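Bear in mind these aren't lab numbers, they're just calculated from the coordinates by the rules spelled out. Bear in mind that the values here come from a model prediction, so they are computed numbers and not experimental data. Ideal geometry is used to build each Cβ from the backbone, glycine not excepted, and the neighbour counts take in all protein chains shown.
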């Protein structure tokens, strides 16, 4: 059995901090775990911390985009935080711009962004 | 591409059959890049390219062997990596190297993206398998 990436709940936000080199199966498990937890926890936001990731290849990049789309459909916004500069440069050269995925420099800013989004959302008529 | 492996004392070999082995192959390539003194950005680009190509071997080639080595050239030090599988080969290499073209579950960025991330890229393919070789120089 492969390890699973833990999904932590803090209020209405789910926090995923990826701390190990990801196998493809773990990426798929995370997608499933997170989708279920968004619903069971009634989460409004998801923060994915990738500051420990030394590389993000097209598979992981696609997973981030898919998670953002799935969570949006389930009523939660996703913010990817902590991308390393070398990873950003590599992703762009690879041809993956992660369109549709919100990013923030670090966890603090990511949480602030989610709060702003949720306020803007609830203010809508 | 030049034969960088014969007589090279730093050659490391990793059999790759599953996505767990892809992680292992990435680590071997990263260690070589670090030992060779490649800059962080070069390391990241090389390891990302290696990840794409090793995954391709598992998904399309039924697994194979990754061999990597530190190399020296006029440009200084670099890392050479070879991905060899015994799969059915790539029918249309030109097409496979096109951005956005995919025969399977990917985004179609694996081959073309990997090619952009390294300095040298070669692909030999036929009904008996596919061999992709890359070199990333530290420049």
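Out of all the residues in the stretch A:38-66, which are under 21 Å from residue A:12 (Cβ atoms) and surrounded by fewer than 19 Cβ atoms within 10 Å (Cβ to Cβ)?
Answer for the stretch A:38-66, where residues must be under 21 Å from residue A:12 (Cβ atoms) and surrounded by fewer than 19 Cβ atoms within 10 Å (Cβ to Cβ): A:39, A:40, A:41, A:42.
From B:49, B:54, grab the single residue that is free of Cβ contacts under 8 Å to residues at least 60 places away in the same chain and within 14 Å of another protein chain (Cβ to nearest Cβ). Steps first, answer last, please.
Numbers: B:49 fails: free of Cβ contacts under 8 Å to residues at least 60 places away in the same chain.
Every option except B:54 fails the conditions.
Which one of these does residue B:39 not meet: (1) within 12 Å of another protein chain (Cβ to nearest Cβ); (2) closer than 29 Å to residue A:4 by Cβ?
Unmet for residue B:39, out of (1) within 12 Å of another protein chain (Cβ to nearest Cβ); (2) closer than 29 Å to residue A:4 by Cβ: (2).
Looking only at residues in the stretch A:89-113 that are assigned to a loop (DSSP other than H, G, I, E, B) and more than 12 Å from the chain's Cα centre (by Cα), which one is nearest to residue B:112 (Cα to Cα)?
The extreme case among them is A:95.
For the stretch A:32-41, indicate whether the set of residues that are farther than 21 Å from residue A:87 by Cα and not in a helix (DSSP H, G or I) is non-empty. Quick ask: steps written out before the conclusion?
Start the filter on the stretch A:32-41 by keeping residues that are farther than 21 Å from residue A:87 by Cα, which leaves A:32-41.
Checking which are not in a helix (DSSP H, G or I) leaves us with none.
No, that holds for no residue.
Could you list, in sequence order, all residues of the stretch B:111-133 that are touching a residue at least 60 places away in the same chain (Cβ under 8 Å), within 14 Å of another protein chain (Cβ to nearest Cβ) and closer than 22 Å to residue B:34 by Cβ?
Residues satisfying the conditions are B:114, B:117, B:118.
Failed condition for residue A:82, given (1) surrounded by fewer than 16 Cβ atoms within 10 Å (Cβ to Cβ); (2) within 14 Å of residue A:48 (Cα to Cα), with all others met?
Going through the list (1) surrounded by fewer than 16 Cβ atoms within 10 Å (Cβ to Cβ); (2) within 14 Å of residue A:48 (Cα to Cα), residue A:82 breaks only (1).
Select from the stretch B:9-24 the residues that are over 20 Å from residue B:77 (Cα atoms), in contact (Cβ under 8 Å) with a residue 24 or more places away in the chain and more than 8 Å from chain A (Cβ to nearest Cβ) and list them in ascending order.
B:14, B:15, B:16, B:17, B:18, B:21
Is there a residue being out of contact with any strand residue (DSSP E or B) (no Cβ under 8 Å at 6 or more places or on another chain) and in a helix (DSSP H, G or I) anywhere in the stretch B:71-78?
Applying the first criterion (out of contact with any strand residue (DSSP E or B) (no Cβ under 8 Å at 6 or more places or on another chain)) to the stretch B:71-78 yields B:74.
Adding the requirement that they be in a helix (DSSP H, G or I) leaves none.
Looking through the stretch B:71-78, none of the residues is out of contact with any strand residue (DSSP E or B) (no Cβ under 8 Å at 6 or more places or on another chain) and in a helix (DSSP H, G or I).
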